[in-house]
Amino acid sequence: MAGTYVDVLDERKLVAASPDRSVPNRRWRVRDNLPGTPAFCPLVRKTSELDAAAAVDIRGLLDELASEFGEDVQMCRCARRSG
């Protein structure tokens, strides 16, 4: 039986594994693009809130904090929390 493979998840609606990580399943003619592993495979819907969170420039915010307070203050706070 010949034909094309289809993705398990619709990547327009759900967060899916990247195409280079998807695994073709010959028996069911699907590409397993589930994120994670069989032991832990979270399903995350793509929403406007997720898009907004993904668009946050974390590096830029940390750089702003470092310029305002200094990197040594940030490092000191992190060291106290972890130890």
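Read-outs throughout are calculated quantities, based only on the coordinates presented, and are distinct from any laboratory measurement. Keep in mind the model is a prediction, meaning the values are calculated, not measured.
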Under 5 Å, built H, 5+ apart or other chain: amide partners of residue 7
31
Per-residue HN-Hα couplings for the range 16-25, Karplus 6.51 cos²θ - 1.76 cosθ + 1.60 at θ = phi - 60°, whole Hz, x for Gly and Pro?
10, 5, 5, x, 6, 9, 6, 10, x, 10
Calc'd 3J(HN,Hα), the range 57-63, phi into Karplus 6.51 cos²θ - 1.76 cosθ + 1.60 (θ = phi - 60°), Hz, glycine/Pro = x, comes to 8, 4, 4, x, 5, 5, 5
Please list 3J(HN,Hα) in residue order for the range 40-50, calculated via the Karplus relation 6.51 cos²θ - 1.76 cosθ + 1.60 where θ = phi - 60°; whole Hz, with x for glycine and proline.
8, 9, x, 9, 10, 6, 7, 10, 5, 5, 5
